[in-house]
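Read through the structure below, which is laid out as structure tokens, and then see the notes.
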Amino acid sequence: MFLIRVFLVSLFAYLFFGFLCIPFTTQGISMEPTYPDGGVNFCWRLRYLFSEPKRHDVVTVRFAGSRVMLLKRVVAREGEQVEFRAGRLYVNGKEIEEPYVRFPCNWSLPTRGVEKDCVYVVGDNRSMPIEGHHFGQTSKSRIIGAPLW
Amino acid sequence: MKIKYLLVGVVMVIIGIVLAATVFPSEEKRVKKRFYLLSEWVSKSPEESALIMLQKMKDIGTLFLEPCELRSPNEFLSGSYTRQEISAYAGTARSHFSQLNLKLYDLHVDFPEKEVAKVNLTARLIGRSKTGERVDEIRELDCLLKKMDRKWFFSQIEVIEVLKK
């Protein structure tokens, strides 16, 4: 009986932490100060099961699988026009308040449209040169969840 | 007594399966082995001697078919390369780093045709340049490998653009 319990608990833990609530550590500074380098979190896979990512949501973007993911913030949705002027974010020509951006930024990026079934994601830490930050448009199918906190 | 024989039989069958899988690896394992070799030869420790560096440079080239096509969102990197060019570029790139580690994740192997393997994976290159700068680059890759003389060779590598600025 004890062995059966151990087996069932192990199976549940494997399925839950392997597929539904995947533990991860943040590596890198692109989401600082919201998510500091080395922090521990969980990717909740069911976050967008019945809804779509909204502006300001923090999402996890997959590569080939879920072993390595990017943690980014959605700043624009499909059909919208994104632009950076003197470090400020503009969507459809309107300036967007971003309280989570704490470090000074001087980015400039010409206007570009977000394609169908895509979102535009950027990190919170924009203190580095624009060339050194990994951001941009990605397919919604690559968004596999959101951090638990 | 019967149970004893049964147990011995089961253990022997398990050993046989493990041995067969080791001695005759599946095609998928053979394909993955080429990636692990690439990872091993690209990686560099701070103590690496010049002799090992030269050997690894030469070895890297042997993994590729001639020519091998590289497709990248960076236009200047795209093109067809010979084995010698690949070895030379790998050597030049490695020489800028004191330490390099190529890690491969989530390898998905498909066989769309006979003797052709398509592999989708995540590659992460972590290292430190000779000037002390930390490097951490992650890319999703689509690779095409072809089998020749019972060995798999990289014939095409495409860098997938996950985020498009």
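The values are calculated or read from the model by the stated rules, or taken from the named source; none is laboratory data. Owing to the predicted nature of the structure, the values given are computational and were not obtained by experimental measurement. No Cβ is skipped: glycine too gets one built from the backbone with ideal geometry, and neighbour counts run over all protein chains shown. Areas reflect the complete protein model, heavy atoms only, side chains present, ligands, DNA and RNA absent. Shrake-Rupley method; radii C 1.70, N 1.55, O 1.52, S 1.80 Å.
Do me a favour and compute the ellipsoid semi-axes for the range A:54-149 from its Cα gyration tensor, root of five times each eigenvalue, largest one first, whole Å.
In descending order, the three semi-axes are 21, 16, 12 Å.
Loop only by DSSP, 14 or fewer other Cβ within 10 Å of the Cβ. Give me the trypsin sites (Lys or Arg not before Pro) in the range B:49-125 that pass, ordered by residue number.
Taking the range B:49-125 and a limit of 14 other Cβ atoms within 10 Å, the loop trypsin sites (Lys or Arg not before Pro) found are B:114.
Which percent of the accessible heavy-atom area of chain A goes to carbon and sulfur, probe 1.4 angstrom?
C and S atoms contribute 60 percent here.
Can you pick out the pairs among A:116/B:103; B:58/B:147; B:29/B:58 whose Cα atoms lie more than 25 Å from each other? Working shown, then result.
Values: A:116/B:103 33 Å; B:58/B:147 20 Å; B:29/B:58 23 Å.
Long pairs (Cα-Cα over 25 Å): A:116/B:103.
Mind checking Rg over Rh on the range B:3-153, alpha carbons, Kirkwood formula for Rh? Present the calculation step by step, with values, prior to reporting the outcome.
Numbers: Rg = 19.2 Å, Rh = 17.7 Å.
Using Cα coordinates only, the ratio equals 1.09.
List the GluC sites (Glu not before Pro) in the range A:94-149 that DSSP assigns to loop (not H, G, I, E or B) and whose Cβ has at most 15 other Cβ atoms within 10 Å. Which are they? Display every interim value, and only then the final one.
Working: sites: A:95, A:97, A:115, A:131; in loops: A:97, A:115.
Qualifying residues, ordered by number: A:97, A:115.
Residues of the range B:135-158 with accessible area at least 30 Å² lower in the all-protein-chain context than alone (1.4 Å probe)?
Listed in order, they are B:138, B:140.
Quantify how strongly other chains surround peptide A:54-67 by giving the mean number of their Cβ atoms within 10 Å of each of its Cβ atoms.
4
Could you order B:144, B:163, A:3 so the one with the most accessible surface comes first? Probe is 1.4 Å.
A:3, B:144, B:163
Can you list residues from other chains, or at least 5 along the same chain, whose modelled amide H is less than 5 Å from the amide H of residue B:156?
B:69, B:144
Can you send over the carbon and sulfur percentage of the accessible area for the range B:87-165, probe radius 1.4 Å, protein chains only? Write down the numbers at each step before the final one.
Working: 2110 of 4350 Å².
Carbon plus sulfur share of accessible area: 48 percent.
Using only the Cα atoms of the range B:76-165, what semi-axes does the equivalent ellipsoid have when each is the square root of 5 times a gyration tensor eigenvalue? Give whole Å, largest first. Intermediate values should be presented prior to the final figure.
Values: eigenvalues 135, 59, 32 Å².
Ellipsoid half-lengths, sorted descending, are 26, 17, 13 Å.
Provide Rg over Rh for the protein assembly as shown; use the alpha carbon set for both Rg and the Kirkwood Rh (inverse mean inverse pair distance). List each step's numbers first, then the result.
Numbers: Rg = 23.6 Å, Rh = 22.7 Å.
That ratio is 1.04, to two decimals.
Per residue, what accessible area does chain B have, given a 1.4 Å probe and all protein chains present, in Å²?
Each residue of chain B exposes 64 Å² on average to a 1.4 Å probe.
Quick one: which residues, 5+ away or cross-chain, put their amide H under 5 Å from the amide H of residue A:66? H built at 1.01 Å from N.
Hits under the 5 Å cutoff: none.
Compare the Cα positions of B:55, A:58, A:29 along the charge dipole of the protein assembly as shown (+1 at Cβ of Lys, Arg; -1 at Cβ of Asp, Glu; about the Cα centre) and return the one farthest towards the positive end.
Of the listed residues, the answer is B:55.
For the range A:1-114, state the average projected area of the convex hull of the C-alpha atoms over all orientations, rounded to one decimal in nm².
Value for the range A:1-114: 9.7 nm².
Can you pull the accessible area of residue B:148 for me, 1.4 Å probe, Å² to the nearest 10?
Surface open to solvent at residue B:148 totals about 100 Å².
Based on the Cβ-Cβ distance from residue A:37 to residue B:8, what FRET efficiency comes out when R0 is 45 Å, to the nearest 0.05?
It comes out at approximately 0.25.
What ³J(HN,Hα) values, in whole Hz, does the Karplus curve 6.51 cos²θ - 1.76 cosθ + 1.60 give for the range B:136-147 when θ = phi - 60°, with x put for Gly and Pro?
8, 10, 10, 9, 8, 10, 10, 10, 10, 10, 10, 9
Starting from 0.36 nm per residue, how many nanometres of slack lie between residue B:133 and residue B:62 once their C-alpha separation is accounted for?
Extra length from residue B:133 to residue B:62 when fully extended: 22.5 nm.
Interface size between chain B and chain A, please: total buried accessible area, 1.4 Å probe, rounded to the nearest 100 Å². Numbers along the way, then the final one.
On the way: alone 11410 and 8990 Å², together 18740 Å².
So the buried area, both faces added, is about 1700 Å².
Once phi is turned into θ = phi - 60°, what whole-Hz ³J(HN,Hα) does the Karplus curve with 6.51, -1.76 and 1.60 give for every residue of the range B:28-45, x standing for Gly and Pro?
4, 5, 5, 5, 4, 4, 5, 5, 5, 5, 4, 4, 5, 7, 6, 5, 9, 9
Ignore the peptide's own chain and count Cβ atoms of other chains within 10 Å of each Cβ in A:130-137; give me the average, rounded.
The shielding value for this peptide is 3.
Per residue, how much accessible surface does chain A expose to a 1.4 Å probe? Answer in Å², no decimals.
Heavy-atom SASA per residue in chain A reads 55 Å².
Work out which residues of the range B:90-117 lose at minimum 50 square angstrom of accessible surface when the other protein chains are put back, relative to the chain isolated, with a 1.4 angstrom probe, and list them by number.
The answer is B:105, B:106 - residues whose exposure falls by at least 50 Å² when every protein chain is included.
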